[in-house]
Amino acid sequence: MHGPDGLGIRDRRRGLKFHRQSWIVQEAVDWMVKHYGLTPSEAVRLSQRLVDRKLIYSLKCGAAFMPPN
């Protein structure tokens, strides 16, 4: 996931809060589509399962893992 062709995992600032080792939803979906051959909807479902199992979480409390339109 890291490296020149990896997912853009890095420290980010959102408003006044600082979040370590985070990524953007759309980038994660695009990365899974490219590297795992998933469809965008499959990538979203996989990501939501990771959220449900508390392996990753949304910075927006209680938000579902949904890429922006």
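The values are calculated or read from the model by the stated rules, or taken from the named source; none is laboratory data. These figures come from a predicted structure and were not determined experimentally. Please note: Cβ atoms are built from the backbone with ideal geometry, for glycine as well, and neighbour counts cover all protein chains shown.
If the requirement is being assigned to a loop (DSSP other than H, G, I, E, B), surrounded by 13 or more Cβ atoms within 10 Å (Cβ to Cβ) and at pLDDT below 85, which of these qualifies: 8, 3?
Numbers: 3 fails: surrounded by 13 or more Cβ atoms within 10 Å (Cβ to Cβ).
None of the others qualify; the one that does is 8.
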Note down all Cβ pairs under 9 Å where the first residue falls in the range 43-63 and is closer than 16 Å to residue 21 by Cβ, the second is exposed (fewer than 13 other Cβ atoms within 10 Å of the Cβ) and at pLDDT 90 or above, and they're at least six residues apart or on different chains. 55/49
